[in-house]
Amino acid sequence: MSTGTKETPGDNGAEAAIPELVIISGMSGAGRSTAAKCLEDLGWFVVDNLPPALIPTMVELGARSQGNVARIAVVVDVRGRQFFDNLRESLADLDAKQVTRRIVFLESSDEALVRRFESVRRPHPLQGDGRITDGIAAERDLLRELRGDADLVIDTSSLNVHELRAKMDAQFAGDEEPELRATVMSFGFKYGLPVDADLVVDMRFLPNPHWVPELRPFTGLNEEVANYVYNQPGAKEFLDRYTELLQLIAAGYRREGKRYVTVAVGCTGGKHRSVATAERLAARLAAEGVETVVVHRDMGRE
């Protein structure tokens, strides 16, 4: 991803700044339209379903707007191999022109996508004569490479519209872009790994407060639960050393131009150890100047 800026001559001979660009893509039914609407509400110029080959042209038009179009968001709906090849060529063109661009990828589980398509009684755009799951599998295969190149992956499997908007707001609201933004997410391994995690922490090496009757009803947000967890041998040392490791990783992310990281902290049920650790880890990151959002994915599911 390019992080430089470039200026091109305007119509009056003055230098025109190339707009910042966000490309929104991902699985059909995962919330692309909601993410785009959120950016539109934040003042971005949003273009829905623009053919990938026209993305560089749109950026050039924005550069001629004399600052009226400083931030462009493009929703890309990849439905065919040629379509994807055109997108890849456009991304290479943007990088050659040193355009600051980011890719936001909306992900969701097969179960959630099937449920959403069935609820609106619509077929998947790629299912043809097959089932919804056939269309999902075909789209996932087409998008695999793009997902790997994404700067930000958001798993919307368990998010409602308001929660997705809150995530987008947390990443894009504000005039100043921080060097790095982190989401620290607690989760329960018995509910599955978060698919949008960049790093996964396993806290199951610590005793489980679930087996302490007076602590079982509470969560890791409770002070007594958190104290129980972090009075265990090795808990504080782990937090100290993992924070140091994250500092090293964060420095590498910044050098590579990566602006977003999701750290998933897991325990058995996502209620006690992972919640307490996510809160403390987020506080450590915030103290280091990393803008941090905390999400407790599975708290309350039991």
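Report, by residue number, each residue of the stretch 135-150 that is within 27 Å of Val290 (Cβ to Cβ), in contact (Cβ under 8 Å) with a residue 24 or more places away in the chain and surrounded by fewer than 17 Cβ atoms within 10 Å (Cβ to Cβ).
Taking the stretch 135-150 and keeping what is within 27 Å of Val290 (Cβ to Cβ), we get 146-150.
With in contact (Cβ under 8 Å) with a residue 24 or more places away in the chain added as a condition, the list becomes 146-147, 149-150.
Result: Asp149, single match.
In the stretch 103-134, what count of residues is obtained for those that are within 17 Å of Asp77 (Cα to Cα), of a type in the set (Gly, Ala, Ser) and surrounded by fewer than 16 Cβ atoms within 10 Å (Cβ to Cβ)?
Summing the residues that are within 17 Å of Asp77 (Cα to Cα), of a type in the set (Gly, Ala, Ser) and surrounded by fewer than 16 Cβ atoms within 10 Å (Cβ to Cβ) in the stretch 103-134 gives 1.
When you look at Lys271, is it open to solvent by less than 60 Å² (accessible area, probe 1.4 Å), farther than 17 Å from Leu193 by Cβ, of a type in the set (Lys, Arg) and not in a helix (DSSP H, G or I), yes or no?
Details: open to solvent by less than 60 Å² (accessible area, probe 1.4 Å): yes; farther than 17 Å from Leu193 by Cβ: no; of a type in the set (Lys, Arg): yes; not in a helix (DSSP H, G or I): yes.
Spelling it out, it is not the case that Lys271 is open to solvent by less than 60 Å² (accessible area, probe 1.4 Å), farther than 17 Å from Leu193 by Cβ, of a type in the set (Lys, Arg) and not in a helix (DSSP H, G or I).
For Arg116, state whether it is in contact with a Gly (Cβ under 9 Å, 6 or more places away or on another chain), basic (Lys, Arg), touching a residue at least 60 places away in the same chain (Cβ under 8 Å) and within 21 Å of Leu164 (Cβ to Cβ). Break it down into steps so the answer makes sense when it comes.
Details: in contact with a Gly (Cβ under 9 Å, 6 or more places away or on another chain): yes; basic (Lys, Arg): yes; touching a residue at least 60 places away in the same chain (Cβ under 8 Å): yes; within 21 Å of Leu164 (Cβ to Cβ): yes.
Yes: the conditions hold for Arg116.
Give the residues of the stretch 33-72 that are open to solvent by less than 70 Å² (accessible area, probe 1.4 Å), more than 17 Å from Met168 (Cβ to Cβ), assigned to a helix (DSSP H, G or I) and not polar (S, T, N, Q), sorted by residue number.
Those that are open to solvent by less than 70 Å² (accessible area, probe 1.4 Å), more than 17 Å from Met168 (Cβ to Cβ), assigned to a helix (DSSP H, G or I) and not polar (S, T, N, Q): Pro52, Ala53, Ile55, Pro56, Met58, Val59, Gly62, Ala63.
Restricted to the stretch 77-102, and to residues that are loosely packed, with under 15 Cβ neighbours inside 10 Å and polar (S, T, N, Q), which residue is modelled with the highest pLDDT?
Gln98
Every residue, every condition in (1) open to solvent by less than 30 Å² (accessible area, probe 1.4 Å); (2) within 12 Å of the chain's Cα centre (by Cα), yes or no:
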| position | (1), (2) |
| --- | --- |
| Leu152 | yes, yes |
| Asp155 | yes, yes |
| Asn160 | no, no |
| Gln171 | yes, yes |
| Arg181 | yes, yes |
| Ser186 | yes, no |
| Pro194 | yes, yes |
| Asn208 | no, no |
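Exactly one of (1) open to solvent by less than 50 Å² (accessible area, probe 1.4 Å); (2) modelled with pLDDT of 95 or more is unmet by Ala250. Its number?
Looking at each condition in turn, Ala250 falls short on (2).
The values are calculated or read from the model by the stated rules, or taken from the named source; none is laboratory data. Keep in mind it's a predicted model, so treat the numbers as computed, not measured. Quick reminder, even Gly has a Cβ in these numbers, built from the backbone with ideal geometry, and neighbours come from all protein chains shown. Each accessible area value is taken on the protein alone, full model and side chains, heavy atoms only, with ligands, DNA and RNA left out. Shrake-Rupley method; radii C 1.70, N 1.55, O 1.52, S 1.80 Å.
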